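Asks: Here it is: the structure, laid out below.
The values are calculated or read from the model by the stated rules, or taken from the named source; none is laboratory data. Keep in mind it's a predicted model, so treat the numbers as computed, not measured. Neighbour counts are summed over all protein chains in view; Cβ atoms, including those assigned to glycine, are modelled from backbone coordinates with ideal geometry.
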Amino acid sequence: MNSIELISIIVFFLGLYGLLTNRNIVKTIVFASMMEVGIIMFWLSIGFTEGMVAPIVASMFEVDNYQVYISDPLPQALMITAIVIGISITAIKTIMFITLYRKFKTTDWDIAKIKSKEVSKEAIQKG
Amino acid sequence: MTTTIMSFWLFCNIFVLFQKKLLSMILWLFLSSIIASLGFLFLGSPDVAMAEATASAFVTIIFIVCFENFFGIKNLQNFIEEENSKTRENIFKKIILPAFVVLCTFALFMNFLPQAPQDTYLKNLYILRASTDVGGQNVVGAIYLGYRVYDTIFEALLLLIAVVAVVHLSHFDGVYKKDGKQSEVKNNAISLFTVRIVAPITVLFGIYLIANGAITAGGGFQGGLAVASFFICRFLIFDIYDIPIKKVNKLEDTIFVAVVIMASLMVFHGFFGEIPPNYLPIAQNIYLFIMNLLIGIKVACGFTILLYRYVAIERN
Amino acid sequence: MENLLHIISNIFIVVGTFFILIGVIAIFKFKDFFSRILSTSKIDTVGAITILSGLAIRHGISWFSAKTILLMILILIINPLKSHTLLRYAVISGHKNKKAKGNKEVAK
Amino acid sequence: MTNQYIENLLFYFVVSPVIIAVILYLSGANRFTRIVALLAQSTLFYFTLQNFLYVSHTNNVISSPVGGYYGFMGIVLVADMLSSMFIMLTAFIFLIATFYSFSANHSPLFWLLKFLWQASLIGIFLSGDFFNIFVLTEIATIVVTVLIMYERKNRNMYDGMIYLVISTIIVNFFVFGVGYLYRMTGTLDISLVSERVRYLYTSDLILPYALIMTFVGLKCALMPMYSWLPKAHGSKGAPSSVSAILSGLHIKSGLYLFLRFSDVFQNGGIDGSQIFLVLGIITALAGVIFAVSQTDIKLMLAYSTIAQVGLILVGLSIGDIDGYNYVGGLFHIANHAIFKACLFLGAGIISHYYHTRESTQIRGVFFEMPAISIAMILALLGIIGTPLFNGSISKYFLMSGTGWDTNIILNIVNLGTIIICIKFSAIFFGKKPNIRKKPLDIMSHGVILLLGVMCFLMGILGIQTINFLFGYSVYVNIAGYTEKAIIFFVSLMAGYVIYKAFLTKEGPAMKWIRTSEMGFRGMCFSMVAFFAFILIAVGFYN
């Protein structure tokens, strides 16, 4: 239970708090990507000791006790995947928000809900 | 040392929470992820630090380019929010109830934190056997190109779908307009001159990352992101949109098929098994280099198209 | 010879941090945006370069100092560009000084 | 087939649809894309059938480490009895969907997304690695979001946005849980984790269990976190074959993950079956109530999916692991895929032909399209559980050996489904509309008829199909079955009476239930509340 892990849990819950309080769609996207960075920090803080070295063969020889002072390569490989997933999901959310804004002219979740119901009612009459 | 940096990162995230204006919130988010990528260096992972730095830069560019017309108006959102929540007593529903719920869940979370010690079963195996099994000095590169290449195929696939989704979900249908909207601020000579010097350096840095992804920190994704930043300079600063987007899209798909075929041929039929042992390290290095190169080009094409859609077509 | 290099590099680093200290003071001393930008950009560039050269001297002729020199060249190119673009877009987006705003109230 | 050949085949189940998809997308829109897609889909179904037969005959689990790295260093694809059955079901349902949308010439994007969706679902069913499941679920989420928003004219951006944002937030919980599991057991492979979890204290496993089960809860649309499902399954912009696959198959990946993860935590000493029994019952009841109040036919089917999934969860978590209830739950998964796909495809054709989805405005479908309505009536009889149909077999096993209280609740849920089906079947009768007759499209009508007939066949040959699909030899005692039949007919009469008495005209209560819908913040609250509920339930009572 090192301090980095505690801080990443706090950031995760900060993002969650942000999701619950604001009604702005754009801010939801910002808080969702904040949660993702919190999780990436949590994964990399597994087994952390001060003065860790990257798992590259060249730098491994300088460290005497390779058990402790070499960082875990697996979470790093996974977190590169998580970061790329984070970017593409944020990109898709932004595009969907822009199309939503062009149609409903609002950035508020609840107003978008009301407007989307009106659109579906019109579709029924017209359809 | 790292805990001080991480606590500074925590404060930036707290500030993200309490911002009224949208632009300041986005900039605080960018600052917090830059500090996080600095923190990753102290946690001993240069690869993730590079990926996180370029990722947060791209996300911020996307946010600012797309939400431009929300910054200017005197916080339009708050106006809408006030209009709905006129009454004061609704402050309970808006702030106190969520705070109470999140605090309770946080307390529950901390109560059940697992105390089991860390088990380093896979970590030891990887550090000992990575450079012989897959070759290359960078164990992280060996993992995501050798042991878990099945994951990397799907991650490259995910980027391909993200481009397709962005094109399909946007308001404008798939028309690739040649010249997007010129940015209303004419770019003057000074920024054009300096970017002409800096941009080639970033491309060189990107190609360097792709080339020896297997030897030092770096690799396909980080290098691709760095190369893509050159094309983004062309859109944002030079306002030139002469890149043939349809061809780039086709290039990206063909390269993805090449990546999948390459991976399935080399690793899954035990191709490394048939190579005589003294030629094995050379074959492994060639394989890692080609995979890094393909993924790098694919990531660069993918993000160029993404940014083109935002800057040229979605902005107005 | 070894500790001579160390002494010189320590001097450089102390001078650099002193420059950055002045920059921080400048931020709080000047009230409006434009003078802040002017002071901080100049002092940041100078401070960073002195600290980096101090580090380069400490490591003598080695790959590390070559990288620091490349870094110094990049900072020399990018820092002026950064402050220039900030200033230019501030003017274009119509950011006025605090004093000017004061006159407007009077005019009203 | 030698074992070595089969071992590599597993990898190609997932990668070949990806390569086919990208090649079809690259080759652009020409006449051959449909034919190539159909051929590729049928060969894939053939190979999944071969794999299933191989696994069920030799009865051994194929585990092929991708890349030949033994010692769980790489990713291991595992094909045991359950996952090969799911892969065969996936390939079959996608084959049905390809036949169905064969005549409507879709753009290459449609084929790209359909094959990628199939690849990610087969990947989830095969993968034996926690983080790999995360990547594949993300791919499936993005593909489903684009497919829901497929038709540009009448797509509703709000539904797609809600689905994407909610699914990506809940996946963060899952990655958190996997992080803790990796830290404690040192590995990511499911089989190795379930071995190493035995040596840990149960109190350490409570937090990862709660985090992972919240993700699984949302994927199975359990009670508080259900409101993304009607938006996704009943969305306007989705072609009908997409909502058929969504309802028939996509929800099953959540149930499959529930089975896999509850096995892992069972070894660690956490038995959550009590919690999920209660949650299943609540979901079934609420799904039924919401479905009864709907008027849109696709939304009616979407909410009834929630009810059926709740029923399946009840079946899976009542008895012991290989008891009759477990088999009933598994068989109900397969049945539900068949009759829900048939109903959704039929509803798609009806709403396309009548240009409206309001059940009140659609009348006289039986005279207009006799073939489809016969198939849909067979499917409706299947859902209700009329004797000699597949629904009755799976419901019989689901309810066998349960206490009298759960029996009553399950019968009430069954009564609710009967009322829904009666309300749904109102569209078949009534006067014949004066709409010009559309040309009969052999492909799609034939496929729906095939599904309807399958509902009936799987009912008669119920015990043989269970033996073939799951390998359990079960026995139906006639006395219990006839008793169930009597209860069924009584509840059928009661359902008809209740429908005639209360539900023909829509009362204010019904209207409020129909229109009440959770906003975005409500869904986030329900996620956090669900997570806290599981933490308390497992933490303090275990």
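Asks: Quick one: which helices (runs of 4 or more DSSP H) lie wholly within segment A:9-108 and hold at least 1 residues that are modelled with pLDDT of 90 or more and surrounded by 21 or more Cβ atoms within 10 Å (Cβ to Cβ)?
Replies: So the answer is A:25-44, A:73-104.
Asks: Criterion first (outside any helix (DSSP H, G or I) and at pLDDT below 90) does B:Lys74 satisfy it? Quick ask: steps written out before the conclusion?
Replies: Values: outside any helix (DSSP H, G or I): yes; at pLDDT below 90: yes.
The answer is yes for B:Lys74.
Asks: Quick test for you: out of D:Ser394, D:Ser359, D:Ser373, pick the one residue that is of a type in the set (Ser, Thr, Tyr), within 22 Å of the chain's Cα centre (by Cα) and closer than 24 Å to D:Leu246 by Cα.
Replies: Result of the check over D:Ser394, D:Ser359, D:Ser373: D:Ser394.
Asks: Select from segment D:335-356 the residues that are among the β-branched types (Val, Ile, Thr) and closer than 22 Å to D:Ile245 by Cβ and list them in ascending order.
Replies: Result: D:Ile338, D:Ile349, D:Ile350.
Asks: A further question on this structure: Looking at segment D:131-184, which of the residues that are of a type in the set (S, T, N, Q) and closer than 19 Å to D:His106 by Cβ is modelled with the lowest pLDDT?
Replies: D:Asn154
Asks: Does D:Ile19 satisfy the criteria of being crowded, with 16+ Cβ neighbours inside 10 Å, modelled with pLDDT of 90 or more and closer than 24 Å to B:Arg148 by Cβ?
Replies: Details: crowded, with 16+ Cβ neighbours inside 10 Å: yes; modelled with pLDDT of 90 or more: yes; closer than 24 Å to B:Arg148 by Cβ: yes.
So D:Ile19 fits the description; yes.
Asks: Identify the residue in segment B:234-246 that is assigned to a helix (DSSP H, G or I) and either within 12 Å of another protein chain (Cβ to nearest Cβ) or of a type in the set (A, V, I, L, M) (or both) and, among all such residues, is farthest from the chain's Cα centre (by Cα).
Replies: Among those residues, the one meeting the criterion is B:Lys246.
Asks: Then there is this: Quick one: would you say A:Phe97 is free of Cβ contacts under 8 Å to residues at least 40 places away in the same chain, more than 7 Å from chain B (Cβ to nearest Cβ) and within 29 Å of B:Phe303 (Cβ to Cβ)?
Replies: no
Yes or no, residue by residue, for (1) at the interface with another protein chain (Cβ under 7 Å from one of its Cβ atoms); (2) small (Gly, Ala, Ser); (3) closer than 16 Å to B:Phe221 by Cβ:
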| site | (1), (2), (3) |
| --- | --- |
| B:Val101 | yes, no, no |
| B:Ala116 | yes, yes, no |
| B:Leu125 | yes, no, no |
| B:Val140 | yes, no, yes |
| B:Val149 | yes, no, yes |
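Asks: Out of segment A:68-80, which residues are within 7 Å of another protein chain (Cβ to nearest Cβ) and either touching a helix residue (DSSP H, G or I) at 6+ places or on another chain (Cβ under 7 Å) or farther than 15 Å from B:Phe42 by Cβ (or both)?
Replies: The initial filter retains those residues of segment A:68-80 that are within 7 Å of another protein chain (Cβ to nearest Cβ), namely A:70-74, A:76-80.
Within segment A:68-80, A:Ile70, A:Asp72, A:Pro73, A:Leu74, A:Gln76, A:Ala77, A:Leu78, A:Met79, A:Ile80 meet the criteria.
Asks: How about segment D:35-74: which of its residues are within 14 Å of another protein chain (Cβ to nearest Cβ) and not small (Gly, Ala, Ser)?
Replies: Across segment D:35-74, the qualifying residues are D:Pro65, D:Val66, D:Tyr69, D:Tyr70, D:Phe72, D:Met73.
Asks: Taking the condition touching a helix residue (DSSP H, G or I) at 6+ places or on another chain (Cβ under 6 Å) and either within 7 Å of another protein chain (Cβ to nearest Cβ) or at pLDDT below 90 (or both), does B:Gly136 pass?
Replies: yes
Asks: Okay, next question. Considering each residue of segment B:12-26, count those that are closer than 17 Å to A:Ile25 by Cα and in a helix (DSSP H, G or I), and give that number.
Replies: Looking only at that region, the number is 7.
Asks: How many residues are in contact with a Ser or Thr (Cβ under 8 Å, 6 or more places away or on another chain) and of a type in the set (Asp, Glu) when one looks only at segment D:94-143?
Replies: Total meeting the criteria: 1.
Asks: Which one of the conditions (1) modelled with pLDDT of 85 or more; (2) buried (at least 16 other Cβ atoms within 10 Å of the Cβ); (3) in contact with a helix residue (DSSP H, G or I) (Cβ under 8 Å, 6 or more places away or on another chain); (4) not assigned by TED's automatic domain parsing to the domain that holds B:Asn278 does B:Asn124 fail to meet, given that it meets all the rest?
Replies: In the conditions (1) modelled with pLDDT of 85 or more; (2) buried (at least 16 other Cβ atoms within 10 Å of the Cβ); (3) in contact with a helix residue (DSSP H, G or I) (Cβ under 8 Å, 6 or more places away or on another chain); (4) not assigned by TED's automatic domain parsing to the domain that holds B:Asn278, B:Asn124 misses (2) alone.
Asks: Would you tally the residues in segment D:50-71 being in a loop (DSSP other than H, G, I, E, B) and either crowded, with 22+ Cβ neighbours inside 10 Å or of a type in the set (Val, Ile, Thr) (or both)?
Replies: Going through segment D:50-71 one residue at a time, the tally reaches 1.
Asks: Just to verify a result, which residue in segment B:19-28, among those that are more than 10 Å from chain A (Cβ to nearest Cβ) and not small (Gly, Ala, Ser), is surrounded by the fewest Cβ atoms within 10 Å (Cβ to Cβ)?
Replies: Ranking the qualifying residues of segment B:19-28, first place goes to B:Lys20.
Asks: Output the number of the condition that D:Ile534 fails; it satisfies all remaining conditions of (1) in a helix (DSSP H, G or I); (2) surrounded by fewer than 18 Cβ atoms within 10 Å (Cβ to Cβ).
Replies: All conditions pass for D:Ile534, except number (2).
Asks: Among the listed residues C:Leu76, C:Leu55, C:Leu21, C:Leu87, which satisfies the condition of being surrounded by 15 or more Cβ atoms within 10 Å (Cβ to Cβ), on the phi < 0 side of the Ramachandran plot, assigned to a helix (DSSP H, G or I) and under 16 Å from the mean Cα position of the chain (by Cα)?
Replies: On the way: C:Leu76 fails: surrounded by 15 or more Cβ atoms within 10 Å (Cβ to Cβ); C:Leu55 fails: under 16 Å from the mean Cα position of the chain (by Cα); C:Leu21 fails: surrounded by 15 or more Cβ atoms within 10 Å (Cβ to Cβ).
Unique residue meeting the criteria: C:Leu87.
Asks: Can you tell me which of D:Gly430, D:Gly452, D:Gly416, D:Gly462 is at pLDDT below 85 and crowded, with 18+ Cβ neighbours inside 10 Å? Reasoning before the result, please.
Replies: Values: D:Gly430 fails: crowded, with 18+ Cβ neighbours inside 10 Å; D:Gly452 fails: at pLDDT below 85; D:Gly416 fails: at pLDDT below 85.
Testing whether each residue is at pLDDT below 85 and crowded, with 18+ Cβ neighbours inside 10 Å leaves just D:Gly462.
Asks: Right, next: Tell me which of these D:Leu259 doesn't satisfy, since it passes every other one: (1) of a type outside the set (Lys, Arg); (2) surrounded by fewer than 21 Cβ atoms within 10 Å (Cβ to Cβ); (3) outside the structural domain of D:Val538 (by TED's automatic domain parsing).
Replies: That leaves (3) as the condition not met.
Asks: Can I ask one more? Being within 12 Å of chain B (Cβ to nearest Cβ) and among the aliphatic types (A, V, I, L, M) is the filter here; which residues of segment D:102-121 pass it?
Replies: Residues satisfying the conditions are D:Leu109, D:Leu112, D:Leu113, D:Leu116, D:Ala119.
Asks: Report yes if B:Phe172 is modelled with pLDDT of 90 or more and more than 7 Å from every other protein chain (Cβ to nearest Cβ), otherwise no.
Replies: So B:Phe172 does not fit the description; no.
Asks: Do we find a residue being more than 10 Å from chain B (Cβ to nearest Cβ), more than 17 Å from D:Asn132 (Cβ to Cβ), modelled with pLDDT of 85 or more and surrounded by 17 or more Cβ atoms within 10 Å (Cβ to Cβ) anywhere in segment D:3-11?
Replies: Within segment D:3-11, none of the residues are more than 10 Å from chain B (Cβ to nearest Cβ), more than 17 Å from D:Asn132 (Cβ to Cβ), modelled with pLDDT of 85 or more and surrounded by 17 or more Cβ atoms within 10 Å (Cβ to Cβ).
Asks: I need a count of the residues in segment D:230-248 that are surrounded by fewer than 24 Cβ atoms within 10 Å (Cβ to Cβ) and in a helix (DSSP H, G or I).
Replies: First, pick out the residues of segment D:230-248 that are surrounded by fewer than 24 Cβ atoms within 10 Å (Cβ to Cβ): D:231, D:236-237, D:239-240.
Next, from what is left, pick out any that are in a helix (DSSP H, G or I): D:231, D:240.
Qualifying residue count, segment D:230-248: 2.
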